[in-house]
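Report on the following structure.
The values are calculated or read from the model by the stated rules, or taken from the named source; none is laboratory data. Note that the structure is a prediction, hence the values are computed from the model and not measured. Using ideal geometry, Cβ is built from the backbone for each residue, glycine included, and neighbour counts are taken over all protein chains shown. Accessible surface is based on the protein model in full, side chains and every heavy atom, while ligands, DNA and RNA are left aside. Shrake-Rupley method; radii C 1.70, N 1.55, O 1.52, S 1.80 Å.
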Amino acid sequence: MGLKSKDLLGLKQLTADEIMEILETAKMMKMVLKGDNKKTSHLQGKSVVTLFYENSTRTRLSFELASKYMGSASANITTSGSSVAKGESLLDTARTIDSMGTDIIIMRHNQSGAPHFLAPRINASIVNAGDGMNEHPTQALLDMFTIYEKYGTLEGKKIAICGDCYHSRVVRSDAIGMTKLGAEVKIYGPKTMMPMGIEKLGCTVADSVADAVKDADAVMGLRVQLERQTKSLFPSVAEYSKYYAITPEMLALAKEGAILMHPGPCNHGVELPTAVYDCDQSVINEQVTNGVAVRMAVLYLLIARRYNL
């Protein structure tokens, strides 16, 4: 029971068996979420701190709710309301939190590798909630859980991911994790928004949205991350929507009953028209629910390892 490492830093570090243990544990945690009483004692007497150097709604709130549903003492730290605003270093901040008896620190940082830097230097378990343009492991885990719930496996499933791949840490974690479980991942986006060498993560770069989506079991749109761009990588929003959006016509190329996904938040009318976002095939809101269940599973499995439960 539990994960091999004291930390969850990325999908690169997890084996296929560990990923499946998280997904199976998430199934049980989702039953708790769907029940009338969401309180459990899995983290009773344990402490969880969220440390976010970037803005977040879904990830931060789902981690906070996950820890509270399982009975932990939890706290939230933002850079604007902490000594970070006074110039305190990342390591000093983490050591301060660690010295207060914290079991798990969930951190999001704008620098790739920040969680990996901290993990060997503190006693608390580190959970990577997104680091720069590297990985977002728990988002990928909830994406995989959503597909797993639908099909019972990822083995042999075709997954299409379209949009701003260059700035997306989600696509990196998804490509790594989904291919470990035997899925075929095809990605597509503007050439100016496609990372060089991303095929090394196990995915295939498609020639068009239609090529990526054709016969897919799951189709995912990625948000155009304007806040990470220092220069315009496409002529206009209208042109992006015309050539790169997942329209109803594009979605129709997927397998019958294919699910539509998006990590959120969505730029309506850019990567997805609102009609597609709200269509019957959309499981975007279910992904949010699954995000809480998966994060409950991750926290529980890390605690199980720490205390040999």
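Taking region 257-298 as the region of interest, how many residues are in a helix (DSSP H, G or I), hydrophobic (A, V, I, L, M, F, W, C) and under 18 Å from the mean Cα position of the chain (by Cα)? Can you show your working first?
Initial filter on region 257-298 (in a helix (DSSP H, G or I)): 274-277, 284-298.
Filter once more, so that each one left must be hydrophobic (A, V, I, L, M, F, W, C): 275-276, 284, 288, 292-294, 296-298.
Pick out the ones that are also under 18 Å from the mean Cα position of the chain (by Cα) and you get 284, 288, 292-294, 296-298.
Count: 8.
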Which is over 24 Å from Ser5 (Cα atoms), open to solvent by 30 Å² or more (accessible area, probe 1.4 Å), free of Cβ contacts under 8 Å to residues at least 60 places away in the same chain and not assigned by TED's automatic domain parsing to the domain that holds Arg169, of Thr57, Thr79? Thr79
Which of the residues spanning region 262-309 are touching a residue at least 24 places away in the same chain (Cβ under 8 Å) and of a type in the set (Val, Ile, Thr)? Val270, Val276, Val283, Ile284, Val288, Thr289, Val292, Val294, Val298, Ile303
Leading residue by the ranking (most open to solvent (accessible area, probe 1.4 Å)) among those in region 1-46 that are at pLDDT 95 or above and basic (Lys, Arg): Lys12
Restricting to region 118-138, and then to whatever is touching a residue at least 40 places away in the same chain (Cβ under 8 Å) and assigned to a helix (DSSP H, G or I), can you tell me which residue is surrounded by the most Cβ atoms within 10 Å (Cβ to Cβ)? Pro137
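Restricting region 157-178 to residues that are assigned to a helix (DSSP H, G or I) and touching a strand residue (DSSP E or B) at 6+ places or on another chain (Cβ under 6 Å), which is surrounded by the most Cβ atoms within 10 Å (Cβ to Cβ)?
Restricting to residues being assigned to a helix (DSSP H, G or I) and touching a strand residue (DSSP E or B) at 6+ places or on another chain (Cβ under 6 Å), the top hit is Val171.
Do we find that Ala73 is over 17 Å from Ala114 (Cα atoms) and touching a helix residue (DSSP H, G or I) at 6+ places or on another chain (Cβ under 8 Å) in this structure? So that I can check it myself, show each step before the final result.
Details: over 17 Å from Ala114 (Cα atoms): yes; touching a helix residue (DSSP H, G or I) at 6+ places or on another chain (Cβ under 8 Å): no.
Criteria not met by Ala73.
In region 184-198, which residues are assigned to a strand (DSSP E or B) and open to solvent by less than 10 Å² (accessible area, probe 1.4 Å)? Even if it seems obvious, please write down each step before you answer.
Pass one, region 184-198, residues assigned to a strand (DSSP E or B): 184-188.
Residues satisfying the conditions are Val185, Ile187.
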May I ask you to verify whether Ala238 is of a type in the set (Gly, Ala, Ser), part of a helix (DSSP H, G or I) and open to solvent by 70 Å² or more (accessible area, probe 1.4 Å)? yes
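Which of the following residues is open to solvent by 10 Å² or more (accessible area, probe 1.4 Å), touching a residue at least 60 places away in the same chain (Cβ under 8 Å) and more than 12 Å from the chain's Cα centre (by Cα): Leu201, Leu181?
Answer to the check: Leu181.
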Flagged in region 251-265 as buried (at least 22 other Cβ atoms within 10 Å of the Cβ) and out of contact with any strand residue (DSSP E or B) (no Cβ under 7 Å at 6 or more places or on another chain), in numbering order, are Pro263
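So, Ile147, is that one open to solvent by less than 10 Å² (accessible area, probe 1.4 Å), over 29 Å from Gln111 (Cβ atoms) and either in contact (Cβ under 8 Å) with a residue 12 or more places away in the chain or not assigned by TED's automatic domain parsing to the domain that holds Met107 (or both) or not? Before you say what the answer is, go through the steps one by one.
Details: open to solvent by less than 10 Å² (accessible area, probe 1.4 Å): yes; over 29 Å from Gln111 (Cβ atoms): yes; either in contact (Cβ under 8 Å) with a residue 12 or more places away in the chain or not assigned by TED's automatic domain parsing to the domain that holds Met107 (or both): yes.
It is true that Ile147 is open to solvent by less than 10 Å² (accessible area, probe 1.4 Å), over 29 Å from Gln111 (Cβ atoms) and either in contact (Cβ under 8 Å) with a residue 12 or more places away in the chain or not assigned by TED's automatic domain parsing to the domain that holds Met107 (or both).
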